[in-house]
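The values are calculated or read from the model by the stated rules, or taken from the named source; none is laboratory data. On a predicted model such as this, the values are computed, not experimentally measured, just so you know. All Cβ positions, glycine included, derive from the backbone under ideal geometry; neighbour counts span all protein chains shown. Side chains included, ligands, DNA and RNA excluded: accessible areas come from the protein's heavy atoms. Shrake-Rupley method; radii C 1.70, N 1.55, O 1.52, S 1.80 Å.
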Protein chains: 2
Amino acid sequence: MNLVDIYLQLKGDVQYIEKELEKAIDSRLADLYQSSTHLLKAGGKRMRPVFVLLGGKLGNYDLEKLKYVAVPLELIHMATLVHDDVIDDSDKRRGADTVRAKWDNRVAMYTGDYIFARALSMASELPNPQIHQILSRAMVDLCIGEIEQIRDLNNWEQGLRVYLRRIKRKTALLFAISGQLGAVAAGATPDIVRRMYLYGYNVGMAFQITDDILDFTATEKQLGKPVGSDLRQGNITLPALYSAKVGPEKETFQAWIRQGSIDAHLDEAISLIRKSEGIAYANRLAARYIERACSVLQPLPQSKTKKSLLGIADFICGRKF
Amino acid sequence: MNLVDIYLQLKGDVQYIEKELEKAIDSRLADLYQSSTHLLKAGGKRMRPVFVLLGGKLGNYDLEKLKYVAVPLELIHMATLVHDDVIDDSDKRRGADTVRAKWDNRVAMYTGDYIFARALSMASELPNPQIHQILSRAMVDLCIGEIEQIRDLNNWEQGLRVYLRRIKRKTALLFAISGQLGAVAAGATPDIVRRMYLYGYNVGMAFQITDDILDFTATEKQLGKPVGSDLRQGNITLPALYSAKVGPEKETFQAWIRQGSIDAHLDEAISLIRKSEGIAYANRLAARYIERACSVLQPLPQSKTKKSLLGIADFICGRKF
């Protein structure tokens, strides 16, 4: 089962969520900060809503209820993207009219805040405090993940555990609670709720590790940005950590790190990492997370939903960009 | 009854909330963005928590419950201050090391997000969906207010209604829901809940109008920033609107507006507004809101709490900076 089939199966419902997403964002505000509308119109895989819907299928499926978690989860994801833009915008506009740069950044920041608030407000329509708790706690962790990523910039001392904890907070948690909240909102059994959480967590870890691999192995065209952008920004991901600590190229990296000259050898470093065993190592780790995601689902009876979840897991591991 | 007496009466409980505020913010993160700790340590009037506690006194007062709304409300207020700092920081650091400027802004933004999320997460500990709803809806309006303020910058066409709606969202709503949520959390009657909302709303309107007056009439020393900072930033408040539309000086203002030369006449404009009838007009309007706040409380039986609420209203109207 490929991703297209999975989406086709949920097509009507995903389109409904899409419309609700548009409704959720006040158009008067979207006019102000065009990139939030742009972001919305640009689409995206809407993976978090899809996880919600699939989680819902394992209980009493009710789209009218599920939308109150599916839309918020996508909104939270969008809000983080809007906030990620803030600083980038300010760089791109360097040298441009100050007032304009200031305006855009402020508006982008408050638009992100607004989208966050809309997400929580919409979720609060469901009279289930557990849902609000899960959602707002995940948001706390998400923010900690973002802050940790900044703190860990250019820190070559970090170990694998620091990396894994960071991508858990930054990415995997939102995947985890998507399926979980879908199941909770549909009144699924605690066992299913727990399995959806673990499934999403493992898929999310694999998703981010794959993202971090592709940043080195995909082409600039596929990525839509220069190869090795993470490293260029000081974000040290698994393949880079492997080269610096485990691979035969580690002596070269350690020398650069000691001299503080990584920046001067960026292209060389990226090319070493591309060819290193770290890529295969990271791929194996991603595959292991996918295996765990699938084995979590094993006890569930056969169903279209189970097949879809397994299909998504497969896709995540195999994606090329 | 003056403000000191009111605070003395709640002293122990306000101190407890203060400790809970410190606990709510992860110290590892506060280290990263020092101004959030700074903000916390700098104190402040903690008016929102005080409103919560007083609202709670009108029901079954339970500090252990009330802290789950008192702390979040102050956190939300703090988060908006942290986000307000983001752009200012970027200006102050103009010309400084880029990486450092970038770092600080990003960290400040995510720290603000983190504080927002912590606020909602803490409130979600109370098993009362109504509380989550009121809180998250107010956050939505707060963000819209911030965005409106940016949209309305330098817009001299705006009328009194636009100004009033903006300060309602930006300031009065958070005051309104503070007392309201205190009453809700304490299980007060719907009538009291409604009155606390209206009281807070009216006090909040008066508070912001007074703030906007003081920006013209206080001294630079009292304000801690140049007189007329609002106007200098393009934020057109009630006294400025009065001068441009109603006062005898309106011809001068209209000419500047037509020529687009307000910026060139800023000091002159500020001095005209300072001496204008707009100040007295704005003071009368603030006083009217305070009257309404007090009359909302009138039907309540005499109590220390009622006396405190009336005392706070009095203080708001009379404050000098």
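For region A:114-145, which residues satisfy the criterion of being of a type in the set (D, E, K, R) and more than 8 Å from chain B (Cβ to nearest Cβ)?
Within region A:114-145, A:Asp141 is the sole residue that qualifies.
Do any helices (runs of 4 or more DSSP H) lying entirely in region B:196-293 carry at least 3 residues that are aromatic (Phe, Trp, Tyr), and which ones are they?
Because the criterion is at least 3 residues that are aromatic (Phe, Trp, Tyr), no helices (runs of 4 or more DSSP H) in region B:196-293 meet it.
Considering only residues of region A:1-30 that are not in a helix (DSSP H, G or I) and not polar (S, T, N, Q), which is modelled with the lowest pLDDT?
Ranking the qualifying residues of region A:1-30, first place goes to A:Met1.
Sort out which residues of region A:146-166 are more than 9 Å from every other protein chain (Cβ to nearest Cβ) and more than 21 Å from A:Ile257 (Cα to Cα), and write them in order of number.
Residues satisfying the conditions are A:Leu164, A:Arg165, A:Arg166.
Name the single residue that is surrounded by the most Cβ atoms within 10 Å (Cβ to Cβ) among those in region B:295-313 being in a helix (DSSP H, G or I) and without any contact (Cβ under 8 Å) to a residue 40 or more places away in the chain.
First, pick out the residues of region B:295-313 that are in a helix (DSSP H, G or I): B:295-297, B:304-313.
Within this subset, residues satisfying the condition of being without any contact (Cβ under 8 Å) to a residue 40 or more places away in the chain are B:295, B:306.
Details: B:Ser295: 12, B:Lys306: 17.
Restricting to residues being in a helix (DSSP H, G or I) and without any contact (Cβ under 8 Å) to a residue 40 or more places away in the chain, the top hit is B:Lys306.
For region A:195-216, indicate whether the set of residues that are farther than 30 Å from A:Lys306 by Cβ, under 20 Å from the mean Cα position of the chain (by Cα) and either among the charged types (D, E, K, R) or modelled with pLDDT of 95 or more (or both) is non-empty.
Yes, region A:195-216 contains a residue that is farther than 30 Å from A:Lys306 by Cβ, under 20 Å from the mean Cα position of the chain (by Cα) and either among the charged types (D, E, K, R) or modelled with pLDDT of 95 or more (or both).
Does A:Tyr114 satisfy the condition of being open to solvent by less than 20 Å² (accessible area, probe 1.4 Å), aromatic (Phe, Trp, Tyr) and over 19 Å from A:Gly234 (Cβ atoms)? Show your work before the answer.
Details: open to solvent by less than 20 Å² (accessible area, probe 1.4 Å): yes; aromatic (Phe, Trp, Tyr): yes; over 19 Å from A:Gly234 (Cβ atoms): yes.
It is true that A:Tyr114 is open to solvent by less than 20 Å² (accessible area, probe 1.4 Å), aromatic (Phe, Trp, Tyr) and over 19 Å from A:Gly234 (Cβ atoms).
When A:Leu300 is evaluated against the numbered criteria (1) at pLDDT 95 or above; (2) touching a Ser or Thr at 6+ places or on another chain (Cβ under 8 Å), which criterion, by number, is the only one it fails?
(2)
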